[in-house]
Each structure stands twice: as C-alpha cells, then as structure tokens.
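Notes to accompany the following structure.
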Amino acid sequence: MPTIPLQVSSVTYRSDQNAIVEARRIYARTHFIAQGGADDYCRSIVDSGAPFSVLPYSLWHQQKLRWTHLGGAVLTRVAPPSMEQLIWQGVPCELGETNVFLLDLASGVQSGPHRVVGKFVQQSVAGEFETTAPLGLNFLSDNAIRFAVERTGASLSSHLVVP
C-alpha cells in the first residue's frame, strides 16, 4: 500500500484584537489526463470537510480533461426528498466523473488512477480555487483511501495511504 506524503501549508493571521491564529490547508500533487492523453499536473487540496470534489473550470475545460457527464445543475436528495442546486463559490456546476493520479515527487511513486466524482464548475472563479482542485470526502471514500493528519513536534504532517 503506497503512502503519498502531503504538503501542509500554513498562513499566520493577526486579528483586530491582536490574536495570532494559523490557517492550514493540505495539498496533494496530482495529475489528470487530458483528452489528447497529455498529463495535466496540479496541486489539489485534500478537503475532508467538502462533501464533493470540485474541478475548476480552467482545469477541466481549458485543459480539456477526459471526463464523463453524470448530471446537470440540480441534485435530488433521496431521503427526505428535496432538490439542491449544484453550485461552487456561487457558480453553477454539472456533476461529472474523471480520474486522478496521486504523486510523491520525492520518491517517484505514482498511485492511480483514482475515481473523482464531483462538481465541474461552469465558469472561472477568481483566486486559488481556479487552479487547485479540492478533493472532497467522497474522493477518500470512493477510493478507500486512508487520510492521516498528525502533529509532529510543533507542526502537522499528513499523508494518504492508497490501496
């Protein structure tokens, strides 16, 4: 079972009352496959708090990723029945599926392809989320991937254990 180390990124903030707080994100090195077969390398956020993965417009559309359309802009909750809009950062999305490979650049280990079901954003969104694909909790569950975050000394470390 390969272990893929993740990068923990931290930003320090100071509040208006002079409190110091740390905001953290966890990133994986990934690559998707474009329609012509070319690899598209990027960083992906591992976000176990997100229910679905998200494929930014510039990643899936401009890079012409291989993907399968699974549904339009509305999902129907099975129980209790209700309809929900499929949106990301206020932008409409469609439901789709693609594959991703996880990379450990230091050792050269590559794992995948892993199934990614998520929101395919229908237009560009400003900021980091236009170039970074969040991999949601469904990604970990769909692929039986173990996600570990540990405090080691004064910092955090994280990795994925893939089947």
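No value in this document is a laboratory result; all are computed from the given coordinates. If you're wondering where the values come from, they're calculated on a predicted model, not measured in any experiment. Cβ coordinates were reconstructed from backbone atoms using ideal geometry, including for glycine residues, and neighbour counts include every protein chain displayed.
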Checklist entry - Where does each of 71-78, 93-100, 123-130 land if you order them by average Cβ count within 10 Å, highest first? => result 93-100, 123-130, 71-78
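Ignoring everything except DSSP H segments at least 4 long, calculate the 222 nm mean residue ellipticity for the chain; use -39,500 (n - 2.57) per segment, divide by total residues, nearest 500. All intermediate terms of the calculation are to be shown ahead of the outcome.
On the way: 1 runs with 6 residues, N = 163.
Computed ellipticity for the chain at 222 nm equals -1000 deg cm²/dmol.
When a footprinting reagent is the concern and you count Cβ atoms within 10 Å, what order do 119, 64 take, fewest first? Please report the intermediate quantities before stating the final value.
Working: 119 25, 64 13.
So the ranking, lowest neighbour count to highest, is 64, 119.
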Checklist entry - For the stretch 82-163, what is the per residue volume of the convex hull drawn over the alpha-carbon atoms, in cubic angstrom? => result 157 Å³
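Taking 0.36 nm per residue of sequence separation and subtracting the Cα-Cα distance, how much length would be gained by fully extending the chain between residue 38 and residue 107, in nm to one decimal?
So the extension gain works out to 22.6 nm.
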Checklist entry - Separation of the stretch 108-139 and the stretch 6-85 by C-alpha centroid, Å? => result 4 Å
